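Peer 1: Here you go, one structure.
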Amino acid sequence: MRATRRRRFDLSAVSELLLAVPTVLSSLLVVTLLGKPVTPQSPWLFPVLWLVSGVIAFLPVTDGALAWLVHRLRRPTPSESQVLVPLLESVCDTASVDPRRYRLWIQNSREINAMAVGGRVVGVSTAALSLPPRQLEAVLAHEVGHHLAGHTRASLLRWWYELPARLAVLLAFALGWGVLEAGAALKTRPAMVTSLVLVAALAVVAVAVSPWVLLLPVIAPLLALTSRRAELRADRVAAELGYGPLLLEVLQRWRNEGHDVLRARAGLRARMLASHPSCTQRISKLYETRTAPEPKLGGRQSLKPTEA
Ligand SMILES: [Zn+2]
C-alpha cells in the first residue's frame, strides 16, 4: 500500500516561526501605534485586522503574485509544460498528493536551479530543463519536499508578519540619512551637531519600537541555520520517496561544477549566513540516510548512490 505524505510544518518550519517572534512583536507594536490615532475608540482593531491578514499567506493568488513579482518567474510554455507536468505528476503520485495542488513556474536562467515559493509554487530554471528527466524529477521531489514540510509557507508567514517592523526600521534609516545629509549640506558646526543629536534620538526611538534590531546579529545566523536544515530535510523527503540516487547525481554534478569552491572562498561570515548547505554536506547527509530503515514505499529506488 502506498504511503501518504501528510503536509505539516516540520521542526525547521516551526523553528523559523519561533525565531520570528521578536520581530513580529515589534510589528504588532508598530501596527498598534499606527492604528491608535485612526481608531482611538478601538485601539485593538488595527492589531486584530493585521493578525487576521496573515490569511493571505494561504491564498493561491499570493503564491502567484510572489512568483511573478518577487522571484520574476513566468508560466511555462506548452513545450515546457509537456516536459514538467508528467514529472511533477510522477513525484506527486509517489508521495500520494494531488498534483493539481502545485503550480509550475519557470525562471529564465542559465543556471540549473529550482525553488519552492509560498504553499504551491514549484519553480524551475530554463537551464534545469536540460537535466535528464529522472534527475529533473528528483529536483522537483526536493521542492515538493519543501512544500510537504511547510518550509516555504512558514517563510511567507514570517515575511508578512515581519513587514511592518522592517518598514519602520527602513523608514528610520531613510530619515536618519536625510537628517545627516541636511546637516552636512549646511556646513556649519551647530547644524552638524544638531543632525547627529537628531539621528541619535531617531535611533533610540527605532530601537524602542523595534528592539529586535538588537537581536539581529543572533537571529540572522540562526535563521540561516534553520534554512540549511530545511534544505537537508527536503533532500531527505526526496530520498524517502526514492529519489536519493538521482538527487545525488544532481548534487555531484553541482559539486563538480565548483559550487563548493565558490562557497569556501566566501569566508566564515558568508558561510554562517548561507541559506543552503554545501553540496558535500548534502551528499554526505544523503549517504547517511541510507543507514535509516528502507522506506516501505512501493516501486521506490533504494538509496544506492550512483556516479554523476
Ligand atoms: Zn531547497
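Peer 1: Evaluate E = 1/(1 + (r/R0)^6) for ALA270 and ALA200, where r is the Cβ-Cβ distance and R0 equals 41 Å; express this FRET efficiency to the nearest 0.05.
Peer 2: After rounding to 0.05, the efficiency reads 0.85.
Peer 1: I need to check one value: relative contact order of the chain, counting alpha carbon pairs closer than 8 Å and at least 6 residues apart, in percent.
Peer 2: Contact order relative to length: 21 percent.
Peer 1: Among MET115, MET272, MET192, determine the one that fluctuates most according to a GNM of the chain built with springs between C-alpha atoms less than 10 Å apart.
Peer 2: MET192
Peer 1: Report the gain in length on full extension from SER90 to MET192: 0.36 nm times residue separation, minus Cα-Cα distance, nm rounded to one decimal.
Peer 2: That pair, SER90 and MET192, stretches by 30.1 nm at full extension.
Peer 1: GNM, the chain, Cα, under 10 Å: largest mean-square fluctuation among ALA185, ALA128, ALA165?
Peer 2: In the Gaussian network model the winner is ALA185.
Peer 1: Taking amide H positions as placed in the peptide plane 1.01 Å from N, state which residues far from SER96 in sequence (5 or more) or on other chains have amide H under 5 Å from it.
Peer 2: Distant-sequence amide H within range of SER96: zero hits.
Peer 1: For the stretch 177-189, in order, what is each residue's ³J(HN,Hα) by Karplus, 6.51 cos²θ - 1.76 cosθ + 1.60 with θ = phi - 60°, in whole Hz (x at glycine and Pro)?
Peer 2: 4, x, 5, 5, 4, 5, x, 5, 5, 6, 6, 10, 4
Peer 1: Here's a follow-up. Using Cα pairs under 8 angstrom and six or more residues apart, how large is the relative contact order of the stretch 233-280, in percent?
Peer 2: 33 percent
Peer 1: Right, another one. So which residue, out of ARG100, ARG271, ARG228, gets the largest mean-square fluctuation from a GNM of the chain using Cα contacts under 10 Å as springs?
Peer 2: Of ARG100, ARG271, ARG228, the most mobile in the Gaussian network model is ARG100.
Peer 1: Continuing with the same structure: May I ask you to order 257-269, 144-156 by the average number of other C-beta atoms within 10 Å around their residues, highest value first?
Peer 2: The most tightly packed comes first, giving 144-156, 257-269.
Peer 1: Quick one: net charge of VAL139's neighbours, Cβ under 14 Å, K/R +1, D/E -1?
Peer 2: Residues near VAL139 contribute -3 overall.
Peer 1: Sort out for me the Cα centre separation of the stretch 92-135 from the stretch 239-294, rounded to whole Å.
Peer 2: Value for the Cα centre distance between the two parts: 19 Å.
Peer 1: May I pose another question? Could you tell me what percent of the DSSP beta bridges with both partners in the chain are antiparallel, to the nearest 5?
Peer 2: Beta bridges within the chain, antiparallel portion: roughly 50 percent.
Peer 1: Between ARG101 and ARG75, what is the label-to-label distance in nm when each label sits 7 Å out along the Cα-to-Cβ direction?
Peer 2: Once both label points are built, they end up 2.3 nm from each other.
Peer 1: Stokes-Einstein at 20 °C, 1.002 mPa s, Kirkwood radius from Cα pairs: D for the chain in µm² s⁻¹?
Peer 2: The diffusion coefficient I find is 98 µm²/s.
Peer 1: Considering only DSSP states other than H, G, I, E and B, which GluC sites (Glu not before Pro) in the stretch 43-149 qualify as loop sites with at most 14 other Cβ atoms within 10 Å?
Peer 2: GLU111
Peer 1: Between SER130 and TRP177, what FRET efficiency comes out of the Förster formula 1/(1 + (r/R0)^6) with R0 = 41 Å and r the beta carbon distance, rounded to 0.05?
Peer 2: Efficiency, from the Cβ-Cβ distance: 0.35.
No value in this document is a laboratory result; all are computed from the given coordinates. Just so you know, these numbers come straight off a predicted model, no measurement behind them. Virtual Cβ from ideal backbone geometry, glycine too; neighbours counted across all protein chains shown.
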